[in-house]
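First comes the structure, then the notes that go with it.
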Amino acid sequence: MRLHKTISDVTNRIITRSAPTRSAYLARMRDAESKGPARAHLCCSGQAHAYAATGNDKGALTECKSGNLGIVTAYNDMLSAHQPFERYPDLIRNAARDIGGTAQVAGGVPAMCDGVTQGEAGMELSLFSRDVIAMSVGVALSHNTFDAAVFLGVCDKIVPGLVIAAQSFGHLPAVFLPAGPMTSGLSNDEKAKVRQKFATGEVGRDALMAAESAAYHGPGTCTFYGTANTNQMLMEFMGLHLPGSSFVSPNTPLRDALTIEGAKRALNLSALGENYTPVCDILDERAFVNGIVGLNATGGSTNLLIHLIAMAQAGGIILDWQDFSDLSDITPLMARVYPNGLADVNHFHAAGGLGYLIGDLLNAGLLHPDTKTIAGVGLHHYTQEPQLSGDTLKWIGGAGQSLNDAILRPASNPFQTTGGLKRLTGALGNSVIKISAVAREHQYIEAPVRVFHDQDAVKDAFKAGEFTGDVIVVVRFQGPKANGMPELHSLTPMLGILQGRGLKVALVTDGRMSGASGRVPAAIHVSPEALDGGMIAKLEDGDVLRLDAVNGTLDVLTGGINDRLAASADLSANEHGTGRDLFSVFRRAVSSAETGATVFGV
């Protein structure tokens, strides 16, 4: 199938826009490649330090004839998604030995759970943790003793941080090894209903706790299609996972076999292997366009509108929100996974999953087919699915068709003709909205605003019964410079209740919403943010806004707003406690949301 013209046009303009920074980045990577396997250049004392505790692997490391694999792990046993990684280092070391190589844990990176910190002070560190993770990888790999790396990470900021760092060491091959989703528990829709009942006082905390525990009940990724599972999708679309590996459950024979094969594949791709493929050659402009198409086709997390920009910048590639919006306009929404539907990722995987989705998008000319991947040249590898035959791992042809058209449909008969991510422009600046789960009748709202400076004040107003008519709730001073741009997902139940009462309701904020955001229209990531004097800082209670997600506009209908002084806010409470005092340098240095909300330059 011939490549769709918009795919080609957007890719070409990204290539043109990125030419100076991309060429400079690739020149640095080629220079690093030319120096050969790194540990051979270490002095004897340096090598002795690096190999001192490696036991029987010391001989192979000293000879430098076979690859040494660096393991970067985000393991901790508080995150259900990352708990399975506890077993991975031994699997990887043994896999490397089986083919004559070696593997060492290069270092660990922090991994926080947005589900735990939602609505709490710790959420103000969440976005910044992405760049901390990237820097932690920099420290881990700085010993310069590795020929390839495997990255163990799943959740919201972890995978983007690991990708940013992998590109800093872009002359090395990089293979990402997932842990997989937990088995299905209480449905996400039933869980959401209990949350709403708790918000209105219909049930107590004991019922809420029981429901949450029945939903989040074991090892693996949360089963809704939030940022964590969006990350896993991206790693297949962009060629950094083994095909079909994203949604295989933890602690199963197939999961272990994929982990073992991933380690072997990483060594095979090293300069001492048979198929040298550095990550800088995989993550090119086409790979990022494929990732954006995947984001739109699956109704993925809005957090990736920030993360993909930062991830691309690390490789000298410059994306902007218009790229996302233009690709969304021609990408069909092919999946309905909660919060965009009732199914979870296990149901999605069983219905044909990413293999079917990628195959159909390739047939529709909506993906670049010829990208490099860790599976070889060509995205067709990702139409296959892994299978164990005895102890042998092999790949077979995927489903080839949807096995449940309530969850997964072909591009020719999608749930909607666009991907449902829109860039909004207007007097308040630039923002984005996810409409893949928003009913058509809620995609346009014209209403007066109520302005708040934090989410707790919104909750207090709700409890006091102050929301009695159509309203656009504005929560400002939530941008990256103000307080680290926390997610405001804890507002979702009460906003959903207001919408359920028949009110027209929306959220406008310079903060973020969760990857699980859905039915309530939310214009998020407003830039410039309030702390930078953006127009959102000039809004007052009663001003009328018009949010038109169909046409991509967010307009102020009240006159005279330009003549007002921007409001200020006392942000001193954001400066200390729960580690926030350690991140003041990030708040001072961070870029805007539309340029990736990162402390790293291009």
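The values are calculated or read from the model by the stated rules, or taken from the named source; none is laboratory data. As the structure is a prediction and not an experimental result, all values here were calculated from the model. A quick note on method: Cβ atoms are made from the backbone with ideal geometry, for glycine too, and the neighbour counts reach across all protein chains shown.
Odds and ends about this structure:
- Qualifying residue in segment 418-427 (condition: touching a Pro at 6+ places or on another chain (Cβ under 9 Å) and among the β-branched types (V, I, T)): yes
- Criterion violated by H489 - all others in (1) out of contact with any strand residue (DSSP E or B) (no Cβ under 9 Å at 6 or more places or on another chain); (2) at pLDDT below 95 satisfied: (1)
- Matching residues, segment 543-574, being of a type in the set (D, E), surrounded by fewer than 13 Cβ atoms within 10 Å (Cβ to Cβ) and in a loop (DSSP other than H, G, I, E, B): D570
- Condition check for D460 on (1) part of a helix (DSSP H, G or I); (2) at pLDDT below 95; (3) charged (D, E, K, R): one failure, at (2).
- Failed item, numbered, when A103 is tested on (1) of a type in the set (G, A, S); (2) buried (at least 19 other Cβ atoms within 10 Å of the Cβ); (3) farther than 16 Å from V150 by Cβ: (3)
- Yes/no for Y382 being buried (at least 21 other Cβ atoms within 10 Å of the Cβ), modelled with pLDDT under 95 and within 15 Å of M233 (Cα to Cα): no
- Listed by first and then second residue, the pairs linking a residue in segment 543-562 that is touching a residue at least 40 places away in the same chain (Cβ under 8 Å) to a residue that is among the hydroxyl-bearing types (S, T, Y) and buried (at least 20 other Cβ atoms within 10 Å of the Cβ), with Cβ atoms under 7 Å apart and 6 or more places separating them unless they lie on different chains, are G552/S325; L554/S431.
- Taking the conditions (1) over 22 Å from R97 (Cα atoms); (2) assigned by TED's automatic domain parsing to the domain that holds P160 in turn, K264 satisfies each one other than (1).
- Helices (runs of 4 or more DSSP H) within segment 1-98 that include 1 or more residues among the hydrophobic types (A, V, I, L, M, F, W, C) and within 27 Å of I133 (Cα to Cα): 5-34, 44-51, 88-98
- Among residues of segment 189-208, those that are under 28 Å from the mean Cα position of the chain (by Cα) and either in the same structural domain as R519 (by TED's automatic domain parsing) or more than 14 Å from G500 (Cβ to Cβ) (or both), counted: 4
- Checked against (1) buried (at least 17 other Cβ atoms within 10 Å of the Cβ); (2) within 21 Å of the chain's Cα centre (by Cα), V116 passes all but a single condition, namely (1).
- Among the residues listed as A207, A211, A257, A266, the single one being assigned to a helix (DSSP H, G or I), crowded, with 24+ Cβ neighbours inside 10 Å and not β-branched (V, I, T): A266
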